[in-house]
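J.: Please read through the structure below; I'll follow up with questions.
The values are calculated or read from the model by the stated rules, or taken from the named source; none is laboratory data. These numbers come from a predicted model, not from an experiment. Glycine also receives a Cβ, built like all others from the backbone with ideal geometry; neighbour counts cover every protein chain displayed.
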C-alpha cells in the first residue's frame, strides 16, 4: 500500500468507574481501529483485515449508521439534520472490528472534518445490548487540544440506569494517542465515568497478528465482560431499572442493530453453513 495510511490501530485500555449507588470499578486492555472512510479500498492489501469481505478481522459498513453501507452519505445526512451545514471531507471512524465474524460496539466515534481538513464535528454512535442504536451528533473545534461536549441521554443503555441525565465528553482527537472520557450524570451529579486511552500503532498484518494473539476473541470478550460486570453489580445490590426502559429501541428505520443474543445465534448458524 503506497503512501502512509491515516488509518491505524490504537492499543490501550478501557476503564469504567461507577460512583453511585454502589462503587464499582473495572479496567480491561483492548484496542480500537481508526479507519479513514476514504482509505477503505486501500486496505484490501491486508490479509488479516477484510473490508467488506470475510477475514479473521473485518470491517463491514452495514454494521454502522443506517445499515445501508454508505457511511459517508449517512454522516453527511446526520450532520445536516443536526444543523451542521458543511461539506464533509475526511471522516475517520474509531471502532472495533469484527473478530471471527462477530462484533459489538458499545461506542464508535466519527471524526468529521471539513474540506479544509478542520475537525468540525463528532458523532458518537452508541449501541446497547437490546438492539438499539443512537447517534449523538455534536459540533467540535479543531482549535481545542481536548474537545469537550455535552448532550442529554437519548438511548437506554445499562439496565442499572434510567433515562435521566446526560453525558459529558472529553476527547483527545487521534494523533500519536487518542483518548475518550465519558462522564454520565443525573440530577444527583456524576453517576459513572468511562474512558479509553490508546497509543497509535501502524496498521499492518504484523500488528494485527500480534493483537490477535493477545486478544483472540476481543469482541466476544467485550460483550461477555458487559454481562459479567452486570452480574457483579446485581450481586452488590444495585437495583435494576428495566421497567424504565422505553418499549422500542432507539434505532432508526433501516438499521441492522439486533439484540446481541440474536446476533450470536445467527453467527453460529453462519459458521455452521460455511464449515
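J.: Which pairs turn up if I take residues in region 135-160 that are without any contact (Cβ under 8 Å) to a residue 60 or more places away in the chain and on the phi > 0 side of the Ramachandran plot and look for partners that are assigned to a strand (DSSP E or B) and surrounded by 17 or more Cβ atoms within 10 Å (Cβ to Cβ) with beta carbon separation below 7 Å, at least 6 apart in sequence or on another chain?
T.: Nothing qualifies.
J.: Taking the residues in region 146-159 that are crowded, with 19+ Cβ neighbours inside 10 Å and in contact with a strand residue (DSSP E or B) (Cβ under 8 Å, 6 or more places away or on another chain) as candidates, determine which candidate is modelled with the lowest pLDDT.
T.: 157
J.: Now for a different question. Determine, yes or no, whether residue 55 is out of contact with any strand residue (DSSP E or B) (no Cβ under 7 Å at 6 or more places or on another chain) and without any contact (Cβ under 8 Å) to a residue 24 or more places away in the chain.
T.: Working: out of contact with any strand residue (DSSP E or B) (no Cβ under 7 Å at 6 or more places or on another chain): no; without any contact (Cβ under 8 Å) to a residue 24 or more places away in the chain: yes.
So residue 55 does not fit the description; no.
J.: Could you tell me whether region 47-68 includes any residue that is within 19 Å of residue 140 (Cα to Cα), in a strand (DSSP E or B) and under 15 Å from the mean Cα position of the chain (by Cα)?
T.: Going residue by residue through region 47-68, those that are within 19 Å of residue 140 (Cα to Cα) are none.
Checked against the condition, which is being within 19 Å of residue 140 (Cα to Cα), in a strand (DSSP E or B) and under 15 Å from the mean Cα position of the chain (by Cα), region 47-68 yields no hits at all.
J.: Filtering region 121-133 down to residues that are modelled with pLDDT under 95 and out of contact with any helix residue (DSSP H, G or I) (no Cβ under 6 Å at 6 or more places or on another chain), which residue is surrounded by the fewest Cβ atoms within 10 Å (Cβ to Cβ)?
T.: Residues of region 121-133 that are modelled with pLDDT under 95, as a first pass: 127-133.
From what is left, the residues that are out of contact with any helix residue (DSSP H, G or I) (no Cβ under 6 Å at 6 or more places or on another chain) are 127-128, 130-133.
Values: 127: 25, 128: 23, 130: 20, 131: 17, 132: 21, 133: 22.
My answer is 131.
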